[in-house]
Amino acid sequence: MAIDWFPLWLSLRVALISTVIALAGGLWIAYVLANRDFRGKAVVDAAVTLPLVLPPTVLGYYLLVLLGRSSPFGKLWEKVFGSPLAFTWKAAVVAALFHSVPLLVKSSRAAFESVDRSFERAARTLGASEWKLFWRVTLPLARRSIMAAAALAFARSLGEFGATLMFASNIPGSTQTMAVAIYDALQSGNSTLALVLVLVISAIALAILTLTTRLEGH
């Protein structure tokens, strides 16, 4: 039986890109939530967590409304890049991002809050700026927990299904990720292909979770 491995490579690419973007923005959000008190903090925290509790179809609907071709952002995207965002592999990245960011932020915030504040106070007394304090003190002390959070975010992105199906659709050779390919194989009655894909993605997820456990153990 010939197997098209495009969904696997696409899923890995989508998960990698979404995790990198999640790290770039999520670490800043997590650091602010862990170290700053401001009006509306509870609302921001709830808004960040919201995608974890919303049904994936609801999140996919929001993405279509806010980022679809007829939305202001969608029109701006198409004007700048010459092609729509929705129903492309980039839409799969966005869908995965909205599911991975909350997980990364919650885990990274816990990591930042567990850092011994005496090290940060010592750095401030030595004249370290907040920027240098973050990069030279806080982040190195929390790096293992953050690496574990990034691994979990990658695994979460790898298995995203509902929002991806709605916002990126199921286009073989273009937007079909592993989760969508498994669903498509079952719908078409190809249980053997579905089993192979399930075993492959399960093995990858198991490897990622093993790495996460080792990082957290240290």
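The values are calculated or read from the model by the stated rules, or taken from the named source; none is laboratory data. Just so it is clear, the model here is predicted, and its values are computed rather than measured. Virtual Cβ from ideal backbone geometry, glycine too; neighbours counted across all protein chains shown.
What to note about this one:
- Residue 53 being out of contact with any helix residue (DSSP H, G or I) (no Cβ under 7 Å at 6 or more places or on another chain) and closer than 15 Å to residue 154 by Cβ: no
- Close contacts from the range 174-196, counting a first residue that is on the phi < 0 side of the Ramachandran plot and free of Cβ contacts under 8 Å to residues at least 60 places away in the same chain and a second that is aliphatic (A, V, I, L, M) and buried (at least 19 other Cβ atoms within 10 Å of the Cβ), with Cβ to Cβ under 6 Å and a gap of 6+ residues or different chains, come to 182/197; 185/193; 194/182; 194/185.
- Residue match in the range 139-159 (condition: part of a helix (DSSP H, G or I) and exposed (fewer than 14 other Cβ atoms within 10 Å of the Cβ)): yes
- Filtered by the rule that a residue be within 25 Å of residue 158 (Cβ to Cβ) and either in a helix (DSSP H, G or I) or touching a strand residue (DSSP E or B) at 6+ places or on another chain (Cβ under 6 Å) (or both), the range 78-98 gives 89, 90, 91, 92, 93, 94, 95, 96, 97, 98.
- Residue identified as modelled with pLDDT of 90 or more, surrounded by 15 or more Cβ atoms within 10 Å (Cβ to Cβ), under 17 Å from the mean Cα position of the chain (by Cα) and part of a helix (DSSP H, G or I) among 59, 50, 64: 59
- Filter pass, residue 107 being outside any helix (DSSP H, G or I), of a type outside the set (A, V, I, L, M) and more than 21 Å from residue 201 (Cα to Cα): no
- The listed residue being acidic (Asp, Glu), surrounded by fewer than 17 Cβ atoms within 10 Å (Cβ to Cβ) and at pLDDT 90 or above, out of 113, 130, 78: 78
- From the list 101, 105, the one residue that fits, being under 21 Å from the mean Cα position of the chain (by Cα), among the β-branched types (Val, Ile, Thr) and closer than 21 Å to residue 213 by Cβ, is 105.
- Leading residue by the ranking (nearest to residue 35 (Cα to Cα)) among those in the range 79-129 that are among the aliphatic types (A, V, I, L, M) and touching a Gly at 6+ places or on another chain (Cβ under 8 Å): 105
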